[in-house]
1. Within the group I517, I433, which residue is under 29 Å from I246 (Cβ atoms), buried (at least 20 other Cβ atoms within 10 Å of the Cβ) and at pLDDT below 90?
2. What about Y295, is it closer than 26 Å to G179 by Cβ and either at pLDDT 95 or above or open to solvent by less than 10 Å² (accessible area, probe 1.4 Å) (or both)?
3. If we only count helices (runs of 4 or more DSSP H) wholly inside region 502-596, which ones have 1 or more residues that are over 25 Å from the mean Cα position of the chain (by Cα)?
4. On the given criteria, is N51 among the polar types (S, T, N, Q), open to solvent by less than 20 Å² (accessible area, probe 1.4 Å) and at pLDDT 65 or above?
5. Test V612 against the stated conditions and say whether it is in a helix (DSSP H, G or I) and aliphatic (A, V, I, L, M).
6. Any chance you could count how many residues in region 110-165 are acidic (D, E), open to solvent by less than 60 Å² (accessible area, probe 1.4 Å) and over 26 Å from G195 (Cβ atoms)?
7. Looking at region 527-552, I want the residues that are in contact (Cβ under 8 Å) with a residue 12 or more places away in the chain and have a partner that is of a type in the set (K, R) and in a loop (DSSP other than H, G, I, E, B) with Cβ atoms under 7 Å, at least 6 apart or on another chain. Which pairs are those?
Amino acid sequence: MRKIYILLVAPAVFYSCKIGSTDIGDPIGEYKDDQKPRIVAGFPYFTKYKNPTAYIPLECYTDTGKALTGKAFANPCYVCHNGGNTPVDNAGDWENQINWLRFPSNDNPWLNAVAPEKTFEKILPDGKRWTELDIQQREIKDNEENITVSIDSWIRKNNWEEAYISKLSLGSDNPLSLGKYKLDLPPLYRWNGSGLERTGYIDSEGFIYTSETDHSDRTNTWWRAYDWKHFPGYFPTNGRIDSAMIRLPEIFRKENGQHSKDIYRINLSILECAVKQIDENCDVEPLNTDILDRYGINYQILRDGIRFLKVPDRYIGDASGTAVWQLKPDGQKVGLYPVGTELAHPVYYIDPDWEIRPELGGKTGQIKEFRYMKKVVMQDISSSGEEEEGASYPVYDNGLILNDPQTWLMGGWIEDRDGSLRPQTEEEMAFCIACHGAISGTVDNTFSFWRKLPKLSGWKDTDYGYHKDVKDLKYWVDQINNIEDINASGYLGKIAGIYNPEDFGEYQLYFTLSNGIDHFRSNREGVCRILGYDLYDKNTDRCTGSSGSVLYSDASDLLSIKSQKNILTDPSLIGYLNPDGSIKQSLFLPSKERAYGLNGRYIQVVLSQQFVYGRDLFATAFGTKDGGNSLEGEDFYRLKITGPGLEEEGLIAVFKTLLGF
């Protein structure tokens, strides 16, 4: 079977370097609009984009250790590239764990991370840098506009509420366009003049309304917020903080033409089981048993919910004609979202004072982005998956674009220079299309709903207060105590029979395989917190806390799969759990100093509008030439010639065994 990394659709009909009030200028060169995309080394290469491989994220440029040490010792790649959660999500792309060095460009195109001096900190004609972050004063200077921005003032704006009141739209009324979405989801948080607060638009069960005081069917948006166990590495302490909401089409909310919250709850619960690929003994929130009985659903009443002994084959109410499962030719059931399902994903700045307001989970009234998805086509799961290689520019319409397999419509607003929300450009949206389409670490091209926390505890906004580090649904390591691979035994033999993956779960595994809390081993504070230390002291290069301190190099060794003693072989080293086994909120949320740094660096990019060069930032340039762990330049080219580091010393065998290939 020919492996396709991304195949896009017909030529773009809407494109401009200017959108809204913003002129998206290029600090390095200009777009090459007259050139056609082409396939280079198996990848589409988009010549009119500033980043010709805009769909390949920064994470794919991580150094596994080979660039810095000559030998690979870390592999965060497995979380996205593995055996697959369903037969329709590019199952089998685990080879990308070792093929990631074969990109068409020799250099790392995410310049905001590896060369900010070329983008948002470039030198202006007067010799000053475009933007400058003063972390002591907690402000950013824009020397081109001659303005100074306070970080505190910026994150206390309420751009989501302003956009909601203004009824912003994505897409257009053009009959040949992709469609249109008007922002109909009110804000969950705002700055009230003296502090951050949760608005009254959301109730205790996650339902979101158009009124803060009237919570009835009349004001129900039918959007529902859910809490989910976040994808390994994508935590607020690394700059990603978000909410997640879902809405099913109208027929899933009604019975005999009348709205029914009880019917809607049951259909949402059925979908939850389906996308988790569970067809028997699936535990969900408390439901109306009279309705379950009326539809002949086989269930058991639990102390805190309902167990579907057998998940229905059809939804209920006016959606009773819709099948829950798609069937493979061999009869295998596959759970996918019904056509018309909508997902929303606001991305926030981080409240530096989150410890004062832990119930808000670090959220602010100002959002960096608002992302939107709508399922438009049901996959043909009988397809062989064979496609001809090809590339063309995606159809784009005022912030809307299709994902890689063209099953989801994707949209997004992002901040303009003044902090208001504007539609994302074509290239800015290209950032999203492959991760939500061409990797096996998803279910139906999505990351979050299939990781929803169980029962009613999962129907609320995210607060990063997980009860336990429960095993992931994929159950990465179910073969760990039955090792047969001789090449892996040297690494895994010492933990076979000792490490039980059900004890602490997938984060424990991720921290060890990635040798850190993020894909780049860049977050030293996070490493310290994994081991129970509160802070990282950069002056002494030590983790510090009430129990003492330890050199960072020693702390890092305790998160290495190649160390004799690590958090797998000795779980007593784990310091991110409360006495009851729940995860400390401080594992995911950063210190005040780190929060100001993350917010400030991102505001620099907003003021310069250089999103096409990356939204993931580090304190300083983080290429391998600067001592960081993001591949670039000559080092990157040299590695391409000598081959991928994960093949060395049987290390890939470790990951193959752990992931059950």
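1. Numbers: I517 fails: at pLDDT below 90.
Testing whether each residue is under 29 Å from I246 (Cβ atoms), buried (at least 20 other Cβ atoms within 10 Å of the Cβ) and at pLDDT below 90 leaves just I433.
2. Working: closer than 26 Å to G179 by Cβ: no; either at pLDDT 95 or above or open to solvent by less than 10 Å² (accessible area, probe 1.4 Å) (or both): yes.
Criteria not met by Y295.
3. Values: elements: 506-514, 524-530, 552-557.
Where helices (runs of 4 or more DSSP H) fall fully within region 502-596 and carry at least 1 residues being over 25 Å from the mean Cα position of the chain (by Cα), they are 552-557.
4. Numbers: among the polar types (S, T, N, Q): yes; open to solvent by less than 20 Å² (accessible area, probe 1.4 Å): yes; at pLDDT 65 or above: yes.
Answer is yes for this residue.
5. Values: in a helix (DSSP H, G or I): yes; aliphatic (A, V, I, L, M): yes.
Spelling it out, V612 is indeed in a helix (DSSP H, G or I) and aliphatic (A, V, I, L, M).
6. Keep residues of region 110-165 that are acidic (D, E), which gives 117, 121, 126, 132, 134, 139, 142, 144-145, 152, 161-162.
Next, from what is left, pick out any that are open to solvent by less than 60 Å² (accessible area, probe 1.4 Å): 121, 132, 134, 139, 142, 152, 161.
Going one step further and asking which of them are over 26 Å from G195 (Cβ atoms), we end up with 121, 132, 142.
Number of matching residues: 3.
7. none
The values are calculated or read from the model by the stated rules, or taken from the named source; none is laboratory data. Remember, predicted model here, so these are calculated numbers, not experimental data. Every residue, glycine among them, receives a Cβ derived from its backbone with ideal geometry; neighbour counts consider all protein chains shown. Ligands, DNA and RNA are stripped out before the accessible areas are found, and what is left, the full protein with its side chains, is counted by its heavy atoms. Shrake-Rupley method; radii C 1.70, N 1.55, O 1.52, S 1.80 Å.
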